[in-house]
Amino acid sequence: MSEWLPHESESPEEAVPTSGPAVGQDEWVAREGERRASRAGWVGTVEARLRRVPWWAWLTLFVAAGSAMPLFESSGYVRLVGFNTVVYMMLALGLNLVVGWGGLLDLGYIAFFGIGSYVYAIFDSAKFGYHVPSILIVPAAVIVGALVGLLVGLPSRRLSGDYLAIVTLFFLELFETVATNGNQIFGHDITGGSFGISTVFPLSFAGHTLAVQHNGIFAVSYYYVAIVMFVIVYVALFFVNNSRTGRAWRSLREDPLASEVMGMPVNWLKLMSFATGAGVAALAGTISTALNASVYPLNFSPVVLITIYAMVILGGAGSQPGVVIGAFLVSVLLQVLQDPGQARVLFYLVIVVGVIAAYRVSVRLALVAASTAVFGIATHAIAASFHHSWVDGAHGGLAGVIANWVVVPEQLTPWVGQVSYLLLLVGMLCSTQLRGRLRLVALPPTLYLAAFVWENQMIPNPGPARYIVLGLLLIVLMIVRPNGLLGERRVEIN
Amino acid sequence: MQFFIQLSLDGLTVGSVYALVALGYTLIYGVLKLLNFAHGDVFMVGSFIGYGVLQALGGASNPVVPVWLLLVLVTLAAMAGCAVLGVVIERFAYRPLRNAPRIAPLISALGVSFFLSNSMQLEFGAQQFNYASYNLSGGALYFHGFDLDHVHIPLLRIITIGSAFALMVVLWFLVNRTRTGKAMRATSFDREAAAMLGIDIDRVIVFTFILGSALAGAAGVMFALRVPTFAAVGFTTGLKGFTAAVIGGIGSIPGAMVGGILLGCAESYTAGYWTTAWSDLVVFSILIAFMIFRPQGLFGRVDIRKV
């Protein structure tokens, strides 16, 4: 053969121009990558490089980083938080399947988490004397969860968003009722009532019991079991998403009517997505119960539901890596908000980043920063001139930095706190409406008020404060960035 | 028979509160096609505003105004406060999402609901707030009233049921006999066509939120006159209210009334003849039964979707 012929053209198949679509592939779909706008400069180059890294490499990296965590952290508490985060990630993956891919608003999702927990607890606890091996009871719990999911979805035949939402939300409420009153079903005790079941056996494989605690602290083996389960769920769902069913789900999400016209079994697909999500939630429930060695009805309140939703929405519904990151972030956020010092750091970080993002580096930014600082120092000086107990309340991390700025009384009069919270809400709403100079004027007092409320109301009450933050996060995300961090923007065509 | 009358009375009282909440759901759903999860929490805020005004006027034991005026003022204040709250919620949480995918406002509504109930808990704690209506002029609202077949019907019940029905009549009049009502019905029928015919959709939606939220505020006061209120009460009541709206046929005003009273009675009979613990189960079964056999509800019309 002569050397001047290109090497590639030796076999006849490869002679076909490689730029065009393969046989049977739509050209518009095949060239999707070319239409995607990439950023200019080195950011774009890095982005393009990163996009080329295969998904399993990311997953391996992520799991390796997660698995290495116990090597650096010997605190049992931090490891427990790690375990809970992995359970949250599993829950978020399952919810992503229903909400992100199926496009169904499942508000009873946590009930399936509870069903998994209760199935495990009932058949593997000293309370009722059953001790079914984990290798049987965990799959059984998943199947029960999925079947109940199917049953719940079935009656709302049309399964349009709102009807499904209300039936599932009611189902969650009902689940709580049944769990709370389950100790008196025709004279039988099934769920232990509001005291729950507190003598659950740990996981056991082939006769070996996986102890929950090791030398009095959280046994790290559970963390690894959770990671293994997470990887299995992630990989399985990844392949489901790329299968015929996954594509059908996504088309269903985009346009149920069009999918039906194309001959897809729409209702069956919806039920399937619903039931699979329920199964994943049940799986997460089993391992969480095995570790906690107990289960209570209150573990499955709407509060947990909102938390999982915040994770999925923040990460980007529809994107698997997105919801995993979302679960991680929200889980860390909830932990941070419980610690006064960390909550303070987080707050000022968010404020500073937010203001800089809004104004960039400009004269106006300097104006806002300077006037906020002056406003604060002046207020503080006035308050301090009345009595030192008005400003002596700040303790913990960063307390030195804000000591001469935010007024933190030792004992806040209740009505002052209530009024300032209300004023803050009004100020926040107003500053979203004002433009230009007016906003510039309104911003410093609002920022200062926010700091005041945060220091005096939110930090002392981490319970409601965490969920206020989550609620706000949901609203703001829906308006500002409904596709979340990694989700793809969806365009509604009417 | 006496027991039955007693239970029916209970059901009617609770049911009229549900009906008022259901009306708000139905109105907002009709115009915006949005399941307003925050509605139950607006109801809760209404009951808190009522409590605040009641305390400001001297509390139930020694009010500074006559009892009838006190009740009217408390209810009006709650209605006004809730109307403002409803408008704010619509303006900031729902309006930016008018053209977003349908799931977006639903999630935003969840966020609002969560935000409101936790804000109330932050502000006032998780404890219960009692109107102590039995203290109003020495318990007159309970002692007075009339007897029916040896069952005493307290004045408070009569006032609650009566004013709920009065509000419904006013609402019916507003929706069916006024220009704005006509615009509302047109918007609910077909938003785009209504906009093309020159109806200011934004104004109609704001008006709907005012109406619905004011009804929720009144319901909040009626509820709290009977039992203590607390920050988490909105969730369950909202759920019941929505169920009532679905049973009656979502989008239908008489449907919401009938659905609410049906639901209240069902709960009351369950509690009386069986157990209070499972009343949720009965309500859920009714909801499921309707989903299976009559998804359009009692008074709803069947939606025909055109492609």
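Filtered by the rule that a residue be within 12 Å of another protein chain (Cβ to nearest Cβ) and not in a helix (DSSP H, G or I), segment A:290-315 gives a lone residue, A:301. Have a look at A:231, A:280, A:235 and point out the one that is in a helix (DSSP H, G or I), surrounded by fewer than 19 Cβ atoms within 10 Å (Cβ to Cβ) and under 18 Å from the mean Cα position of the chain (by Cα). On inspection, the qualifying residue turns out to be A:231. In this structure, does residue B:12 turn out to be surrounded by fewer than 17 Cβ atoms within 10 Å (Cβ to Cβ), modelled with pLDDT of 90 or more and over 30 Å from residue B:190 (Cα atoms)? So residue B:12 fails the test.
This table checks each residue for (1) of a type in the set (A, V, I, L, M, F, W, C); (2) within 11 Å of another protein chain (Cβ to nearest Cβ).
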| site | (1), (2) |
| --- | --- |
| B:229 | no, no |
| B:238 | no, yes |
| B:250 | yes, yes |
| B:255 | no, no |
| B:258 | yes, no |
| B:265 | yes, no |
| B:275 | no, yes |
| B:280 | no, yes |
| B:283 | yes, yes |
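Yes or no: residue A:111 away from chain B (no Cβ under 11 Å) and among the hydrophobic types (A, V, I, L, M, F, W, C)? For residue A:111, the condition - away from chain B (no Cβ under 11 Å) and among the hydrophobic types (A, V, I, L, M, F, W, C) - is met. Checking A:92, A:57, A:65 one by one, the residue that is more than 21 Å from the chain's Cα centre (by Cα) and either in a helix (DSSP H, G or I) or modelled with pLDDT of 80 or more (or both) is A:57 and no other. Of the residues contained in segment A:119-130, one or more are found to be in the same structural domain as residue A:295 (by TED's automatic domain parsing), in contact with an Asp or Glu (Cβ under 7 Å, 6 or more places away or on another chain) and more than 30 Å from residue B:296 (Cα to Cα).
State whether one or more residues within segment B:50-67 are under 16 Å from the mean Cα position of the chain (by Cα) and buried (at least 21 other Cβ atoms within 10 Å of the Cβ). Yes, segment B:50-67 contains a residue that is under 16 Å from the mean Cα position of the chain (by Cα) and buried (at least 21 other Cβ atoms within 10 Å of the Cβ). Pairs linking a residue in segment B:112-124 that is facing chain A (nearest Cβ under 7 Å) to a residue that is among the charged types (D, E, K, R), with Cβ atoms under 8 Å and 6 or more positions apart or on different chains, are B:112/B:41. For segment B:127-161, a residue qualifies if it is at pLDDT below 85 and part of a loop (DSSP other than H, G, I, E, B), and the qualifying residues are B:132, B:144, B:149, B:150.
Looking only at segment A:438-458, decide whether some residue is crowded, with 20+ Cβ neighbours inside 10 Å, over 28 Å from the mean Cα position of the chain (by Cα), assigned to a helix (DSSP H, G or I) and among the aromatic types (Phe, Trp, Tyr). Yes, some residue in segment A:438-458 is crowded, with 20+ Cβ neighbours inside 10 Å, over 28 Å from the mean Cα position of the chain (by Cα), assigned to a helix (DSSP H, G or I) and among the aromatic types (Phe, Trp, Tyr).
Take segment B:51-87 and flag every residue that is closer than 30 Å to residue A:107 by Cβ and in contact with a helix residue (DSSP H, G or I) (Cβ under 7 Å, 6 or more places away or on another chain). Of everything in segment B:51-87, those that are closer than 30 Å to residue A:107 by Cβ and in contact with a helix residue (DSSP H, G or I) (Cβ under 7 Å, 6 or more places away or on another chain) turn out to be B:51, B:78, B:79, B:81, B:82, B:83, B:85, B:86, B:87.
So, residue A:135, is that one in contact with a strand residue (DSSP E or B) (Cβ under 8 Å, 6 or more places away or on another chain), farther than 26 Å from residue A:323 by Cβ, part of a helix (DSSP H, G or I) and modelled with pLDDT of 85 or more or not? No: the conditions fail for residue A:135.
The values are calculated or read from the model by the stated rules, or taken from the named source; none is laboratory data. A quick note: this is a predicted structure, and the numbers were derived from the prediction, not measured. Methodologically, a virtual Cβ is constructed for each residue, glycine included, from the backbone with ideal geometry; neighbour enumeration extends over all protein chains shown.
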